[in-house]
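First comes the structure, then the notes that go with it.
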Amino acid sequence: MGKKETSKTFGEKLIMRAEAVRDYYHNKDESHVRVRTMKKVEFIAHKSYSAKQIKSIREATGLTQQNLAELMSTSVDTVRKWEQNCSSPSGPALRLLQMLEKQGVPDVLIAERA
């Protein structure tokens, strides 16, 4: 009768995989290692938008101040202050404005009306 095969413990599997990686990097055996490469992505940061630019982006996308406020999870008063140059958007709001400027409003964010 053949030898009864027992399942490997997590520790044994971990050691086996670590040895396979070691062998791969020492060019001994490439059959047990899967290598994934990641493409480096660089994001263009936009430091700020002027009040005029914010209003222009909003109007170009066909949004009201209320729509933009809802889209950005902020208040209408905040959007109004941005457009009157009383305050400036920062962080995620800047990134959302950049996306709106480049791509418009994504269809997935627009509710279908019956």
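The values are calculated or read from the model by the stated rules, or taken from the named source; none is laboratory data. Just so it is clear, the structure is predicted and the values come from calculations on it, not from any experiment. All Cβ positions, even for glycine, are placed from backbone atoms using ideal geometry, and neighbour counts span all protein chains on display. Surface accessibility is based on the protein's heavy atoms, side chains included, excluding ligands, DNA and RNA. Shrake-Rupley method; radii C 1.70, N 1.55, O 1.52, S 1.80 Å.
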task = Could you tell me whether any residue of region 39-46 is at pLDDT 90 or above and among the β-branched types (Val, Ile, Thr)?
result = no
ask   = What is the one condition in (1) of a type in the set (S, T, N, Q); (2) in contact with a helix residue (DSSP H, G or I) (Cβ under 8 Å, 6 or more places away or on another chain); (3) at pLDDT below 85 that THR78 does not satisfy?
value = (3)
message = Is it the case, given these coordinates, that ALA20 is modelled with pLDDT of 85 or more, assigned to a helix (DSSP H, G or I) and aliphatic (A, V, I, L, M)?
response = no
ask   = at pLDDT 75 or above, more than 31 Å from the chain's Cα centre (by Cα) and open to solvent by 60 Å² or more (accessible area, probe 1.4 Å): does that describe LYS13?
value = yes
request  = Please give the helices (runs of 4 or more DSSP H) falling wholly within region 33-114 in which 2 or more residues are over 30 Å from GLU19 (Cβ atoms), in contact (Cβ under 8 Å) with a residue 24 or more places away in the chain and open to solvent by less than 40 Å² (accessible area, probe 1.4 Å).
outcome  = 51-60, 76-83, 92-103
